[in-house]
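A short write-up of the structure that comes next.
The values are calculated or read from the model by the stated rules, or taken from the named source; none is laboratory data. Since we're looking at a predicted model, the values are computed, not measured. Quick reminder, even Gly has a Cβ in these numbers, built from the backbone with ideal geometry, and neighbours come from all protein chains shown.
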Amino acid sequence: MKLVDVYAKIDGAYPKKLSDEYVAAFGGHDNSGILIDTGADITGAVFSLDLSEGAIACAKARGANLIVTHHPAIFFPVSRLSVEDPVGARLIACVQGGISVVSMHLNLDCAPEGIDMWLAKGIGCKTNVAPLECTDGGGYGRIYEIEPCSFAAFGERLKREFSATRLLTYGKEGEIGRVASFCGAGVDAAAVAAAKRCGADVIVSSDVKHNFICDILESGMRLAVLTHYAGENYGFKKIYQSLCGKLGVPAAYYEDGFML
């Protein structure tokens, strides 16, 4: 099967236009789609959150020549390739090994059943809720009710549900009943203000900058910070499970477990 045929099935479920619409509406940068095409027929696919050395080794061991990632294998333009550079070494390994690469970034974050929504479901949201930042086909950021619990119990739930070995929590003990969540590094001043306006008891995200931590606590909310990997691997694996039987080639999932 040709790469364009496999990609058409992926894009049909999670279209790249979702990324394009989000960037146009809210700014930022993305680089999703087919990023490496070696020209070979696809024999199998490995899904991995990142184009890591482990994912490349897994693909080679399985005889797969396509890696599908969430985080773009090439995010900004590359001016030179060198095996001495970690990004360059991985790209060279793929090209030399005949491995094509597809990355699905903001389109997976923003899809109605995408990574941002799966984060909310894993936290305990029982029904779909409208995103805070809306585009025609999806959006980003969720605020919703959960079954009330203590902040300590809430943290234990996150570690258990997301297989997280690391979790940072900030704020006083107390009952949690309303959550604002943003997958990846999605917390900025607008996100904090929206969470406060909607009465959130706690914000859940990853890679939160110090000044926003201060703003969250001084706004009377709490904060739980998953590793970026744990917070997004959960939803990306769910997406793999929805796609793996529809691609027309064997597929497997790879986890860099040390990143959890």
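Some values worked out for this structure:
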| item | result |
| --- | --- |
| Members of the range 73-118 that are in contact (Cβ under 8 Å) with a residue 12 or more places away in the chain and touching a Gly at 6+ places or on another chain (Cβ under 6 Å) | 108, 110, 111, 112, 115, 118 |
| Hits in the range 198-211 - residues which are buried (at least 18 other Cβ atoms within 10 Å of the Cβ) and more than 20 Å from residue 175 (Cβ to Cβ) | 205, 206, 208 |
| Helices (runs of 4 or more DSSP H) contained in the range 2-64 and holding at least 3 residues at pLDDT below 95 and not polar (S, T, N, Q) | 17-26 |
| Residue under evaluation residue 185, criteria (1) surrounded by fewer than 18 Cβ atoms within 10 Å (Cβ to Cβ); (2) at pLDDT 95 or above; (3) within 22 Å of residue 260 (Cβ to Cβ), criterion not met | (2) |
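Yes/no matrix, rows are residues, columns are (1) outside any loop (DSSP other than H, G, I, E, B); (2) under 12 Å from residue 181 (Cα atoms); (3) within 15 Å of the chain's Cα centre (by Cα):
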| site | (1), (2), (3) |
| --- | --- |
| 84 | no, no, no |
| 92 | yes, no, no |
| 95 | yes, no, no |
| 98 | no, no, no |
| 101 | yes, no, no |
| 107 | yes, no, yes |
| 129 | no, yes, no |
| 143 | yes, yes, no |
| 160 | yes, no, no |
